[in-house]
Amino acid sequence: MTKNKEHAGDTVSLVYQCRLNLSTSTIAYLAGLLRSHLKTIRSPFRSLPPGRIAVLVLAMLRHDQRLLDLAGGNGVPESTLRRWRDEMIGLLAARAPRLDRALRAIARRGGEVVLIDGTLIPTQRRTKADDRPNYSGKHHRHGLHFLALTDERGKLIWISAARPGRTHDATAARHDKIVEHLKAAGLGALADLGFLGVDKPDDPDEQVIVTGFKATRARKLTPGQKQANRVLAAGRAPVEHGFANLKAWRALTKLRTNPGHATALLRALLVLTNLEINR
């Protein structure tokens, strides 16, 4: 058997086009954000115009396009494209609302309740000591845990910092002092049974997080409790739509970054998601 060292075809670079299913208003917003930032840091020069940079960054976030592929197709170094991506993520994450401000905004416009839930964003499996904390026994996979709040229609208003995948929803809610922030804003929250026990006031009338009823082996639910759980589940349904809109960004398919960068990425995508919904 002989080996043929000849190439099957030409060695020229091939470039293909891909449709970016985002609005032009979102691209214009990112381009304007970058222009303002460049003026602030007095560095007006980039090898590509802000609008083109915005499109490339959105392609990476929306379609999870590889840096090497985009860099080769647009004639820029891979390191430069990575720097632009991180720069834009930082600018967007800085515009994500804080928890207290987000809740006050809901209260000002007449809202009475918010929806709260936790989710797991898949990650690559870590090695050695970093492996176990990120493994979620509930989902049977490695990931990072996030809490999110939406309004009654499912619009995302806040997202927490990244935590190891094994973190329980109730533990994360206590750490972020969700109950205290809700009481300060005069709002209530609808949650699933994962938040059971987070809010245990002495007076039941002061409870702000409603979680429904949980059955045990020794205690079955009454017909009234089952009906209450169905009503609560219907009221909580929009929070799943909020997560679906967020996870439409394919950069979240499987994160390849550390928790600090993941937090900035999720908050940047929250801003972009709301831009697309409100366009």
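Quick look at the values:
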{"read-out": "Mean separation of Cα contacts under 8 Å (6+ apart) over length of the chain, as relative contact order %", "value": "22"}
{"read-out": "Dipole magnitude of the chain, debye to nearest 20 (Cβ charges: Lys/Arg +1, Asp/Glu -1, about Cα centre)", "value": "520"}
{"read-out": "Whole-number accessible area per residue in Å² for the chain, which is evaluated in the context of all protein chains at 1.4 Å", "value": "59"}
{"read-out": "Longest DSSP-loop-exposure-free segment, GluC sites (Glu not before Pro), the chain, at most 13 other Cβ within 10 Å", "value": "113-279"}
{"read-out": "Percent of beta bridges antiparallel (DSSP, the chain, rounded to nearest 5)", "value": "70"}
{"read-out": "Karplus (6.51, -1.76, 1.60) ³J(HN,Hα), θ = phi - 60°, over segment 188-201, in Hz, Gly and Pro reported as x", "value": "x, 9, 9, 9, 8, 5, x, 9, 4, x, 5, 10, 10, x"}
{"read-out": "Positive-end residue of 73, 142, 103, charge dipole of segment 65-143 with Cβ unit charges", "value": "103"}
{"read-out": "Rounded percent of accessible protein surface that carbon and sulfur make up, the chain, 1.4 Å probe", "value": "51"}
{"read-out": "Shape call, segment 75-133: gyration tensor on alpha carbons, a/c limit 1.5", "value": "oblate"}
{"read-out": "Max mean-square fluctuation residue, GNM over the chain, Cα-Cα springs under 10 Å, options 217, 52, 35", "value": "217"}
{"read-out": "Count of Lys pairs (Cα-Cα under 20 Å; at least 8 positions apart or interchain) in the chain", "value": "9"}
{"read-out": "FRET efficiency, residue 219 to residue 112 (Cβ-Cβ, R0 51 Å, nearest 0.05)", "value": "0.95"}
{"read-out": "For segment 28-64 versus segment 199-226, the gap between their alpha-carbon centres in whole angstrom", "value": "50"}
{"read-out": "Of 26, 175, 59, farthest towards positive along the dipole that unit charges on Lys, Arg, Asp, Glu beta carbons give the chain", "value": "59"}
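The values are calculated or read from the model by the stated rules, or taken from the named source; none is laboratory data. In this text, all values refer to a predicted model and were calculated from it rather than measured experimentally. Reconstructed Cβ throughout: ideal geometry from the backbone, glycine too, with neighbour counts over all protein chains shown. Accessible surface is based on the protein model in full, side chains and every heavy atom, while ligands, DNA and RNA are left aside. Shrake-Rupley method; radii C 1.70, N 1.55, O 1.52, S 1.80 Å.
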